[in-house]
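S.K.: Let me give you the structure first, and then I'll get to my questions.
The values are calculated or read from the model by the stated rules, or taken from the named source; none is laboratory data. Every value quoted in this text rests on a predicted model; they were computed, and no experiment measured them. All Cβ positions, glycine included, derive from the backbone under ideal geometry; neighbour counts span all protein chains shown.
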Amino acid sequence: MIGPPSAVAEVVAEHAVKAWVAGFGVPVPRGVVAASADEVEAAAAGLRPPLVVKAFWPGLVHKSDVGAVRLGCTSATAAADAATELGRLSPTGYLVEEQAPPGVELVVGAISDATFGPTILLGLGGIWAEALDDTVLRLAPITRQDAEEMIDGLRGRPLLDGGRGRPAIDRDALVRLLLAVGGPGGLALAPEMAEFELNPVIASPDGVIAVDARLLRAPAVPAQRTAVARTDFGPLFAPRGVAVVGASVKAPNFGNMFLEFYRAAGFGSRLVAVHPTATSVDGVPAVPSLADVPASVDYALVAVPAARCADVVGAARGPAFVQVMSGGFSEDGETALEADLLAAARRARVRLLGPNCMGVYSPRGGQTFLGTDPGRPGRIAVLTQSGGVAGEIITVGERRGLTFSKVATLGNSLDVTVAELLAYLAGDPETASVGLYLENPRDGRGLFEALRAVRDVLPVVALIGGRSRQGARAAASHTGAMVSDDRIWRALAAQAGIALVSTQDDLLGALDFLDQHHGRRSAPSADVLVVGPSGGAGVLAADCFDRAGLRLAPVPTEAQAVLRAAGLGAGTTLTNPLEITVGPRARPDLVYDVVCQIDEVQPYPDVVAHVNAQSFVSFGTSMKPLLAYVAAVADLQRARPFRVSLVLRNAECGPARIEDEARAIARTAGVPLYRTFDAAASAIAAGKRLLT
Ligand code: ADP
Ligand code: MG
């Protein structure tokens with residue numbers, strides 16, 4: 001989230017900011033300052049016209065809005081005349097500077113975001129950048145490659161590349177300026193920087209120059225996180241014993257529900273209840289406090305009212321991990337209660353999950369927060385800030401055949417963070433990919449660094465809730481208003497090499513793709529081969545894949561010739577999307593032969609085979625040919641190294657179990673099944689980003 005700058009920010013005078021940025025290597029116009037209009041002519045004598053005169057006074061921000069800027073003064077005398085006229089504004093001084101030749105106006109800004117820290121912005125249009133809404137963000141420090149990607153990420157980039165009789169701008173100079181602002185040691189990292197803007201930067205074939213510079217200086221806010229020792233999260237996911245605090249002997253509540261869950265999960269004698277007076281709860285032996293639990297209890301679940309949580313946690317002696325289910329903390333404005341809870345956890349030397357979260361799920365370790373039988377253990381890990389979303393991901397995912405290694409819900413992430421668990425999962429031999437559902441990671445900078453650290457070992461797909469929320473900074477200031485939450489997440493994804501998805505269904509689809517195709521890495525390429533019956537569906541597929549940034553690279557003519565020589569072609573289209581016949585009269589393994597023959601001539605990293613259940617019912621045919629097609633698609637995956645995805649459309653038109661049957665056949669070969677082209681396109685795009 002883009003948080004507001006510190007409340008008391010000080011506006012620094014333009015000439016002082018320009019001197020400061022020049023020290024970092026940002027080109028600025030030559031200029032002088034005069035205290036009164038009388039002094040302007042002499043002061044400006046050494047400058048080369050045309051000249052610009054800007055009147056200033058303390059607190060002035062938008063000079064043009066109040067008529068304080070005069071351009072095009074042809075001499076020092078003309079500049080003095082302009083200053084005299086500007087005298088009616090009663091300024092405290094005048095900045096006179098050389099006027100830069102025209103070019104493309106850009107904005108380069110930096111803010112210190114409350115969650116993610118120093119962040120830089122490049123936008124097209126100078127003062128019109130907000131209206132044009134063409135901006136790209138990156139978290140500082142940026143690399144040269146980040147700077148290049150920022151420039152390439154502008155929709156209006158052709159304006160910078162030249163054409164139509166206009167020369168290209170000096171791109172190298174712009175890269176250097178971006179690095180001076182946001183690179184290692186750049187001014188965006190300076191501690192006094194609250195908010196900073198060069199607007200405009202004029203870019204031309206001869207270089208770039210910052211003709212306006214604004215700095216809001218704020219007192220540095222000290223870092224609030226206290227370092228904690230590196231934790232082995234193994235026992236969190238496979239506790240030897242579990243304690244539940246808060247189950248009642250009178251009216252069953254969440255605590256009683258969890259006692260039942262853990263009993264069902266086989267904890268039996270390794271389960272203990274914590275109750276102030278009772279000696280047993282629901283038949284589970286009880287002790288009065290977390291100080292009294294057996295040494296084998298690694299994990300305690302706390303479900304008591306928020307106001308009592310700190311006392312309960314503070315008493316803990318033994319459990320390494322305490323999960324606080326209760327809500328009613330910072331999410332309800334109760335920040336003091338939350339601070340007490342953290343202090344209590346530190347005192348008791350426990351690591352705390354939550355508050356305001358559901359718990360942990362791990363089929364291998366028996367951990368659960370669902371009242372269902374644990375699923376089969378798998379390789380997918382999920383970290384979420386919503387217990388509800390976690391429950392849906394597990395339940396719906398397992399219904400679709402996904403299998404999980406470890407799922408943790410973090411709620412308010414007061415102590416244990418997503419960043420810490422990511423680092424742990426990167427070293428976990430049971431985990432091969434991670435899905436995230438985040439709303440507001442407390443330590444955005446830590447998350448960014450953790451994601452970057454794991455990028456080569458752990459593919460990460462993230463669903464972010466609240467990406468469209470604006471307004472936190474709308475009133476804060478100019479640059480703030482130009483920054484939206486969504487852009488900072490896109491910056492983080494680009495820099496940390498993760499895939500962003502926009503729906504829960506797409507998160508499941510991408511995780512399924514990563515898991516099924518685990519180990520099937522390919523060279524970077526946007527190419528897909530689409531094959532299936534029905535030309536119309538193929539065209540719609542092409543549209544979906546296009547939207548997802550994938551490319552239906554044409555089938556080479558040599559491959560088409562081979563296919564024709566093999567007798568294909570009648571009733572088929574030999575392009576991409578490739579139309580082939582599927583049905584009772586078609587050869588069931590046609591899809592296998594066609595794709596293999598193309599693969600001999602030109603390999604595609606991803607192949608999408610689609611089929612429509614409705615077409616098998618309309619004409620009264622059985623589902624056998626459909627399942628034979630799916631079996632051929634599975635064989636194709638077994639035979640070849642490319643990644644196959646199956647799209648089974650309109651399954652609701654077929655018999656009740658048709659999707660399950662098709663999915664079961666596909667999964668034997670590691671082929672994920674999608675219900676729509678859009679779902680497949682989103683998953684393949686994520687897979688291409690992460691499995692290269
Ligand atoms: P404001 O406070 O209104 O943003 P600026 O200093 O940006 O004031 O000046 C307003 C406009 O005048 C700029 O957007 C730019 O187009 C032009 N301008 C200002 N200074 C110069 C300069 N030194 N060379 C060329 N153009 C300039
Ligand atoms: Mg300006």
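S.K.: Mind checking which residues of segment 353-366 are crowded, with 24+ Cβ neighbours inside 10 Å and modelled with pLDDT of 95 or more?
M.R.: Scanning segment 353-366 gives 353, 360, 361.
S.K.: Go through segment 54-92 and give me each residue that's assigned to a loop (DSSP other than H, G, I, E, B), away from ligand 1 (no atom under 11 Å from the Cβ) and over 17 Å from residue 29 (Cβ atoms).
M.R.: Filtering segment 54-92 for residues assigned to a loop (DSSP other than H, G, I, E, B) gives 57-63, 67-68, 74-75, 90-92.
Narrowing further to those that are away from ligand 1 (no atom under 11 Å from the Cβ): 57-59, 74-75, 90-92.
The answer is 57, 58, 59, 90, 91, 92.
S.K.: Regarding residue 76, is this residue within 15 Å of ligand 2 (Cβ to nearest atom), farther than 30 Å from residue 442 by Cβ and without any contact (Cβ under 8 Å) to a residue 60 or more places away in the chain? Reasoning before the result, please.
M.R.: Values: within 15 Å of ligand 2 (Cβ to nearest atom): no; farther than 30 Å from residue 442 by Cβ: yes; without any contact (Cβ under 8 Å) to a residue 60 or more places away in the chain: yes.
No; evaluated as a whole, the condition is false for this residue.
S.K.: Still on this structure, I have one more. For segment 293-304, name all the residues that are in contact with a strand residue (DSSP E or B) (Cβ under 8 Å, 6 or more places away or on another chain) and either surrounded by fewer than 18 Cβ atoms within 10 Å (Cβ to Cβ) or part of a strand (DSSP E or B) (or both). It would help to see each step written out before you state the result.
M.R.: Here is the first cut: in segment 293-304, the ones in contact with a strand residue (DSSP E or B) (Cβ under 8 Å, 6 or more places away or on another chain) are 293-294, 296-304.
Scanning segment 293-304 gives 294, 296, 297, 298, 299, 300, 301, 302.
S.K.: Taking residue 400, is it touching a strand residue (DSSP E or B) at 6+ places or on another chain (Cβ under 9 Å), basic (Lys, Arg) and at pLDDT below 95? Even if it seems obvious, please write down each step before you answer.
M.R.: Working: touching a strand residue (DSSP E or B) at 6+ places or on another chain (Cβ under 9 Å): yes; basic (Lys, Arg): yes; at pLDDT below 95: no.
For residue 400, the condition - touching a strand residue (DSSP E or B) at 6+ places or on another chain (Cβ under 9 Å), basic (Lys, Arg) and at pLDDT below 95 - is not met.
S.K.: Hand me the list of helices (runs of 4 or more DSSP H) wholly inside segment 93-161 holding 1 or more residues that are crowded, with 23+ Cβ neighbours inside 10 Å and in contact (Cβ under 8 Å) with a residue 12 or more places away in the chain.
M.R.: Answer list for segment 93-161: 129-132, 144-152.
S.K.: What helices (runs of 4 or more DSSP H) completely inside segment 406-513 contain at least 2 residues that are modelled with pLDDT of 95 or more and either within 17 Å of the chain's Cα centre (by Cα) or not aliphatic (A, V, I, L, M) (or both)? First the steps, then the outcome.
M.R.: Working: elements: 418-426, 444-454, 478-482, 485-496.
Hits in segment 406-513: 418-426, 444-454, 485-496.
S.K.: Somewhere in segment 348-360, is a residue over 18 Å from residue 420 (Cα atoms) and without any contact (Cβ under 8 Å) to a residue 12 or more places away in the chain? Show your work before the answer.
M.R.: Here is the first cut: in segment 348-360, the residues over 18 Å from residue 420 (Cα atoms) are 348, 356, 358.
Going one step further and asking which of them are without any contact (Cβ under 8 Å) to a residue 12 or more places away in the chain, we end up with none.
The answer is no, given that none of the residues of segment 348-360 is over 18 Å from residue 420 (Cα atoms) and without any contact (Cβ under 8 Å) to a residue 12 or more places away in the chain.
S.K.: I've got another one for you. May I ask you to list the residues in segment 42-54 that are out of contact with any Cys (no Cβ under 8 Å at 6 or more places or on another chain) and within 14 Å of ligand 2 (Cβ to nearest atom)?
M.R.: Taking segment 42-54 as the starting set, the residues that turn out to be out of contact with any Cys (no Cβ under 8 Å at 6 or more places or on another chain) are 42-48, 54.
Listed by number, the list holds a single entry, 54.
S.K.: Just checking, how many residues over segment 401-443 are of a type in the set (Ser, Thr, Tyr) and more than 14 Å from residue 383 (Cα to Cα)? Break it down into steps so the answer makes sense when it comes.
M.R.: Taking segment 401-443 as the starting set, the residues that turn out to be of a type in the set (Ser, Thr, Tyr) are 403, 405, 409, 413, 417, 424, 431, 433, 437.
Next cut, more than 14 Å from residue 383 (Cα to Cα) only: 403.
Result for segment 401-443: 1.
S.K.: Would you mention how many residues in segment 173-217 are more than 15 Å from ligand 1 (Cβ to nearest atom), assigned to a loop (DSSP other than H, G, I, E, B) and over 27 Å from the mean Cα position of the chain (by Cα)?
M.R.: The number of residues fulfilling the criteria is 2.
S.K.: Of the conditions (1) surrounded by 21 or more Cβ atoms within 10 Å (Cβ to Cβ); (2) of a type in the set (A, V, I, L, M, F, W, C); (3) free of Cβ contacts under 8 Å to residues at least 60 places away in the same chain; (4) in a loop (DSSP other than H, G, I, E, B), residue 656 fails just one. Which one is it?
M.R.: Residue 656 satisfies every listed condition except (1).
S.K.: Of the conditions (1) under 27 Å from residue 462 (Cα atoms); (2) surrounded by fewer than 18 Cβ atoms within 10 Å (Cβ to Cβ), residue 673 clears all except one; give me its number.
M.R.: So the condition that residue 673 fails would be (2).
S.K.: Which residues, counting only those in segment 162-172, are part of a loop (DSSP other than H, G, I, E, B), under 21 Å from residue 209 (Cα atoms) and of a type outside the set (Val, Ile, Thr)? Before the answer, list the steps.
M.R.: Within segment 162-172, the subset part of a loop (DSSP other than H, G, I, E, B) is 162, 164-165, 167-170.
From the residues that got through so far, the ones that are under 21 Å from residue 209 (Cα atoms) too are 162, 167-170.
Those that are part of a loop (DSSP other than H, G, I, E, B), under 21 Å from residue 209 (Cα atoms) and of a type outside the set (Val, Ile, Thr): 162, 167, 168, 170.
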